[in-house]
Amino acid sequence: MAPISIRAVLISESVDPRCRAILEENGIRVTEKTSMKKDELIAEIKDYDGLVVRSATKVTADVINAANNLKIIGRAGTGVDNVDVDAATKKGIIVMNTPSGNTISAAELTCALLMSLSRNVPQAAMSMKQGNWDRKKFMGAELFGKVLGIVGLGRIGKEVASRMQSFGMKTIGYDPITPPEVSASWGVEQMSLEQLWPQCDYITVHTPLMPSTVGLLNDETFAKCKKGVKVVNCARGGIIDEAALLRALESGQCGGAGLDVFVEEPPKDRSLVDHPNVISCPHLGASTKEAQARCGEDIALQIVDMVKGKKLVGAVSHAQCLVQGCQTHSSSGATFSPI
């Protein structure tokens, strides 16, 4: 691919210092301005060729249209639902993410929530802090021999499968892109969602948020599940219909939920957060020192590679097709679209 001139990059959120260091070592001027409001970002962005964000900055069409010189939007993480990819594509701006930076961290948190749901660990710990000794109240269940349904068999889904198999869980899954023979090679039997729902003792979702995945678990699908099924969402808020989940929890159709993400963050409606059978976290999937270091370093190196005319990694917008002769790599490693 031909080299692309990137002289100045704006970093609008807190990323690992290695990101700035790598860019500056390669002659790119870097400005860090965090916690900008939309109008401030619109006023600022016109002076830059590149923008690096995490998940909090909303790169809307208004922001993109104000960016006269912008050539690259780098997302230090996986999901790009905070970036208007279509608007960027229309302006020839490449949107790229770091497809593998937070894979292990998100997978480990998923596993932690699955284990916490099975043994009521957070509730028991809080009860102890309150001076209680309620052994009978927190009777749990073993994961051994249980069926885990994994919806979305990309990088994270694969890592979750391998870890939970070590607990003796049977792993089944669904993904419209990953070939069944590939997932079978790492111990996951693929099937349709209609076949999957009734078999699961636990369900975890690892898809991006897009029209086809909004409300993937809803009243209808919960009704098809085993009574008492437990669910985990460390992907994106909205994949599980929150109102339907609350109804399923109240009826006992859902026996518990582990939620790291919400439709509104932080959630103003605390019905799920306050429910006794819900374990919730403030979107911690990528919040490890290791993940942030990898994501910050990865996005900087990907930008530098683009500037030097090397391979284009992690591009998720169609703008990549505007770069003649570029070598593109799928950012997903798998499911639905990047995750």
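At-a-glance table
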{"read-out": "Scan of region 132-170 for residues that are of a type in the set (Ser, Thr, Tyr) and within 16 Å of SER118 (Cα to Cα), ordered by number", "value": "SER166"}
{"read-out": "Output for region 70-98, where each listed residue is out of contact with any strand residue (DSSP E or B) (no Cβ under 7 Å at 6 or more places or on another chain), without any contact (Cβ under 8 Å) to a residue 40 or more places away in the chain and not basic (Lys, Arg)", "value": "ASP86, ALA87"}
{"read-out": "Unique residue being touching a strand residue (DSSP E or B) at 6+ places or on another chain (Cβ under 6 Å) and either in a helix (DSSP H, G or I) or open to solvent by 20 Å² or more (accessible area, probe 1.4 Å) (or both) when the list is LEU51, LEU148, LEU117, LEU153", "value": "LEU117"}
{"read-out": "Enumeration of residues in region 123-145 that are small (Gly, Ala, Ser) and part of a helix (DSSP H, G or I)", "value": "ALA124, ALA125, SER127"}
{"read-out": "Meets criteria (within 14 Å of the chain's Cα centre (by Cα), hydrophobic (A, V, I, L, M, F, W, C), at negative phi and not in a loop (DSSP other than H, G, I, E, B)) for ILE172", "value": "no"}
{"read-out": "Qualifying residue in region 213-225 (condition: in contact with a strand residue (DSSP E or B) (Cβ under 8 Å, 6 or more places away or on another chain), within 17 Å of LEU113 (Cβ to Cβ) and surrounded by fewer than 21 Cβ atoms within 10 Å (Cβ to Cβ))", "value": "no"}
{"read-out": "Residue count for region 263-317, restricted to those that are more than 16 Å from the chain's Cα centre (by Cα), open to solvent by 40 Å² or more (accessible area, probe 1.4 Å) and among the small types (Gly, Ala, Ser)", "value": "1"}
{"read-out": "Qualifying residue in region 229-242 (condition: in a loop (DSSP other than H, G, I, E, B), of a type in the set (Val, Ile, Thr) and open to solvent by 60 Å² or more (accessible area, probe 1.4 Å))", "value": "no"}
{"read-out": "Residues located in region 60-84, provided they are in a helix (DSSP H, G or I) and either crowded, with 17+ Cβ neighbours inside 10 Å or basic (Lys, Arg) (or both)", "value": "VAL63, ILE64"}
{"read-out": "Check on THR34, out of contact with any Pro (no Cβ under 7 Å at 6 or more places or on another chain) and surrounded by fewer than 21 Cβ atoms within 10 Å (Cβ to Cβ)", "value": "yes"}
{"read-out": "Some residue of region 24-37 being under 23 Å from the mean Cα position of the chain (by Cα) and basic (Lys, Arg)", "value": "no"}
{"read-out": "Single match in GLN190, GLN165 (criterion: touching a helix residue (DSSP H, G or I) at 6+ places or on another chain (Cβ under 7 Å), surrounded by 15 or more Cβ atoms within 10 Å (Cβ to Cβ) and polar (S, T, N, Q))", "value": "GLN190"}
{"read-out": "The one condition in (1) open to solvent by less than 30 Å² (accessible area, probe 1.4 Å); (2) more than 26 Å from the chain's Cα centre (by Cα); (3) at pLDDT 95 or above; (4) under 18 Å from ALA66 (Cα atoms) that LEU10 fails to fulfil", "value": "(2)"}
{"read-out": "Residue in region 16-31 that is surrounded by 14 or more Cβ atoms within 10 Å (Cβ to Cβ), of a type in the set (A, V, I, L, M, F, W, C), modelled with pLDDT of 95 or more and closer than 25 Å to PRO266 by Cβ present", "value": "no"}
{"read-out": "Residue list for region 129-145, filter: exposed (fewer than 11 other Cβ atoms within 10 Å of the Cβ) and of a type in the set (A, V, I, L, M, F, W, C)", "value": "TRP133, MET139, PHE144"}
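The values are calculated or read from the model by the stated rules, or taken from the named source; none is laboratory data. Computed from a prediction, not measured in an experiment: that's the story for all the values here. Note: ideal-geometry Cβ built from the backbone for every residue, glycine included; neighbour counts use all protein chains shown. In case anyone asks, the SASA skips ligands and DNA or RNA and just uses the protein heavy atoms, side chains included. Shrake-Rupley method; radii C 1.70, N 1.55, O 1.52, S 1.80 Å.
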